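Before any comments, here is the structure.
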Amino acid sequence: MLTVQEGRFLKEFEKLGEIGWVPGKGMDRPAYSASYNEAREYLHTLMNDAGMETRIDGVGNLFGRYDGKEKGAKSFLVGSHLDAVPGGGKYDGALGILAGIEVSRRIREERGPLRHPLEVVAFTAEEGGPLGGTFGSRAFTGLVSRDVPNDILSSFGLSHEVIEKSRGKKEDYLAYLELHIEQGPILWRRNIAIGIPTGIVGITRYKIDICGQANHAGTTPMEERRDAMRSASLLLARWFTWVEQRLREKNDFVCNVGVFSLFPGGAPIVPEKASFILELRSLRDEVVDKVAKTFRSFLEEMPSCRGSMELMVEKPAVELDRNLISAIEIAAQKRGFSHQLIPSGASHDASPMAHFVPTGMIFVPSIEGVSHSKEEATAPKDIICGANTLLETLLELDGKD
Ligand SMILES: [Zn+2]
């Protein structure tokens, strides 16, 4: 049975993980930085050494390609993102690209060309920032909004024309496959080698403003205050109590308040305004609509302060391709790896890609479920299982259709 070359693959993984790594702090490899360019150059060399035809598009996505045996056949695209969150780990993104290179190389070395061309991609700027998340894959799939201001683009040496030119051709691709760490605890806790995401959650964010009246914190009688902080905390207590109750019946969404500010912001001043961001994630968009309505009703029922709720981000949930899901299941079965269907609670390059071509993902366990942290890790045996599942999936798909 054809497998990846473990020694070579793990060594390259370590090597890539050293580029941008700051001891004690974690990964410092944001898109368009010097460390990012160095990491991309490392991958570029690996691809060239493997005899791939390589190119870097206008926004900075790197591609390496092997031709297929069959004339005019559509390509497989395999990969993930090369940038990392500040202080993040070595696994998020990097794993999917290196596995793509190793798997393609192994198939080439041992079997020769597949029927279909095989392309590996290192997408840029997945992790957010001024350009917005999944930037590289959105450029490739034509999903970057024309509303992104030119001055933001030019600060990265980009323009709308360059983005337009980086667009891939839908009709050239058969499927996109992304191997990624789970970034959650499900596989790790259940000791399951392979997770097969059925979909990727949608992300909706609302900006909430609660307005009261600033006043002297010593002299204003408590019952006369229109305290925005107090109203906000009572509102959030009511909301999270409701969320807990609801999730006991239906575990179908998660929510977070990760940003919270008070204005004018002084110890002796009754706060006049509290602003925060409510984030809702679910595999079902209608669930998000429903719970957002509940939040709004709580906001409207608040005594003493006025609240407003403004939609900031609305990324719909994505369903992954059923045929690819079953191909990955068959691949994991053939290899004797334990596997399970799971939702993806994080966004990935696979989200924009799923609007473009049939898309599938393979998850491997994150130790203790930790990610976006320097402690992020996956056991070497799990990395190998993931790569071999990717390899088998490609063989499976290439033999079909
Ligand atoms: Zn990632």
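The values are calculated or read from the model by the stated rules, or taken from the named source; none is laboratory data. These figures come from a predicted structure and were not determined experimentally. Cβ atoms come from the backbone with ideal geometry, glycine included; neighbour counts cover every protein chain shown. The protein model used for the area step is the full one, side chains on, heavy atoms only, and it has no ligands, DNA or RNA in it. Shrake-Rupley method; radii C 1.70, N 1.55, O 1.52, S 1.80 Å.
Compute the relative contact order of the chain as a whole-number percentage, counting only Cα pairs closer than 8 Å that sit 6 or more residues apart in sequence.
22 percent
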Exercise for the section: Hey, can you find the accessible area per residue of segment 9-69 for me, probe 1.4 Å, expressed in square angstrom? Expected result: 48 Å²
Practice task
Go through 181-189, 298-306, 72-80, 387-395 and give me the packing order, highest mean Cβ count within 10 Å leading.
Solution key: 387-395, 72-80, 181-189, 298-306
Practice task
First select every other residue whose beta carbon is under 10 angstrom from the beta carbon of Asp92; then total the charges, Lys and Arg +1, Asp and Glu -1.
Solution key: -3
Completion exercise
So the pair-distance distribution of segment 133-239, from every Cα-Cα distance in 5 Å bins, comes to percents of 2, 8, 11, 11, 8, 10, 10, 11, 10, 8, 6, 4, 1, 1, 0
Exercise for the section: Would you mind telling me the antiparallel percentage of the DSSP bridges in the chain, rounded to 5? Expected result: 70 percent
Practice task
For segment 195-212, take each phi angle, set θ = phi - 60°, evaluate the Karplus expression 6.51 cos²θ - 1.76 cosθ + 1.60, and give the result in whole Hz per residue in order, putting x for glycine and proline.
Solution key: x, 10, x, 8, x, 10, 4, x, 10, 10, 10, 10, 8, 10, 10, 10, 10, x
Completion exercise
Taking only the alpha carbons of segment 101-194, the radius of gyration and the largest Cα-Cα distance, Dmax, both in angstrom, are 17.6, 49
Completion exercise
Sorted by chain and then number, the residues having a modelled amide H within less than 5 Å of the amide H of Val78, at least 5 places away or on another chain, are Glu119, Val120, Val121, Leu177
Fill in the blank from the handout: With a 1.4 angstrom probe the carbon and sulfur portion of accessible area for segment 32-104, in percent, totals 46 percent
Exercise for the section: Please work out, to two decimal places, the log10 of the ratio I(q)/I(0) at q = 0.30 Å⁻¹ from a Debye calculation in which every Cα of segment 138-189 carries one identical scatterer. Expected result: -1.15
Completion exercise
Rounded to one decimal in nm, the spacing of the 7 Å Cα→Cβ label points at Glu286 and His160 is 3.7 nm
Practice task
Would you mind telling me which residue in Ala34, Ala327, Ala354 has the biggest mean-square fluctuation in a Gaussian network model of the chain, where springs connect alpha carbons within a distance under 10 angstrom?
Solution key: Ala34
Practice task
Compute the length gained on full extension between Gln5 and Leu341: take 0.36 nm times their separation in residues and subtract their Cα-Cα distance, giving the result in nm to one decimal.
Solution key: 118.3 nm
Problem - ³J(HN,Hα) computed for each position of segment 358-365 - Karplus, 6.51 cos²θ - 1.76 cosθ + 1.60, integer Hz, glycine/proline x - result: x, 10, x, 10, 10, 9, 10, x
Problem - Those lysines that a straight Cα-Cα span of less than 29 Å connects to Lys315, excepting residues fewer than 8 apart in one chain - result: Lys74, Lys90, Lys165, Lys169, Lys170, Lys207, Lys250, Lys273, Lys290, Lys293, Lys374
Exercise for the section: Excluding Met1 itself, calculate the net charge of residues whose Cβ lies under 9 Å from the Cβ of Met1, where each Lys or Arg counts +1 and each Asp or Glu counts -1. Expected result: +1
Practice task
Express in nm, to one decimal, how much length is gained between Asn251 and Met309 on full extension, taking 0.36 nm for each residue of separation and deducting their alpha carbon distance.
Solution key: 18.4 nm
Fill in the blank from the handout: So Ser297 and Ala379, fully extended at 0.36 nm per residue minus their Cα-Cα distance, gain in nm 24.9 nm
Practice task
Using only Cα atoms, find the angle between the long axis of helix 34-49 and the longest principal axis of the chain, and express it within 0 to 90 degrees, rounded to the nearest 10.
Solution key: 20 degrees
Problem - Cα-based helix-to-principal-axis angle, 322-335 vs the chain, degrees rounded to 10 - result: 60 degrees
Practice task
Counting helices only, and only those DSSP H runs with n ≥ 4, report the 222 nm mean residue ellipticity of the chain as the sum of -39,500 (n - 2.57) divided by its residues, in deg cm²/dmol to the nearest 500.
Solution key: -11500 deg cm²/dmol
Completion exercise
Along segment 224-239, Karplus-curve 3J(HN,Hα) (6.51, -1.76, 1.60; θ = phi - 60°) to the nearest Hz, with x for Gly and Pro, reads 9, 6, 10, 8, 5, 5, 5, 4, 5, 5, 5, 4, 5, 5, 4, 4
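For segment 311-401, which whole percent of the accessible surface, found with a 1.4 angstrom probe, sits on carbon and sulfur atoms?
Working: 1910 of 3550 Å².
Heavy-atom surface of segment 311-401 belonging to carbon and sulfur, 1.4 Å probe: 54 percent.
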Handout entry: Calculated log₁₀ intensity ratio I(q)/I(0) where the Debye formula runs over C-alpha points of segment 203-315, q = 0.14, 0.19 Å⁻¹
Key = -0.58, -0.95
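About its Cα centre, what dipole magnitude does the chain give when the only charges are +1 on Lys and Arg Cβ and -1 on Asp and Glu Cβ, stated in debye to the nearest 20?
Numbers: 48 positive and 56 negative charges, 94 e Å.
Its charge dipole is roughly 440 debye.
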Handout entry: Accessible area per residue in Å² at 1.4 Å probe, computed on segment 203-315
Key = 59 Å²
Handout entry: Cα extents of the chain along the three principal axes, largest first (Å)
Key = 81, 47, 42
Exercise for the section: Take the solvent-accessible surface of the protein heavy atoms, probe 1.4 Å, and return the percent of it on segment 252-291 that carbon and sulfur atoms account for. Expected result: 57 percent
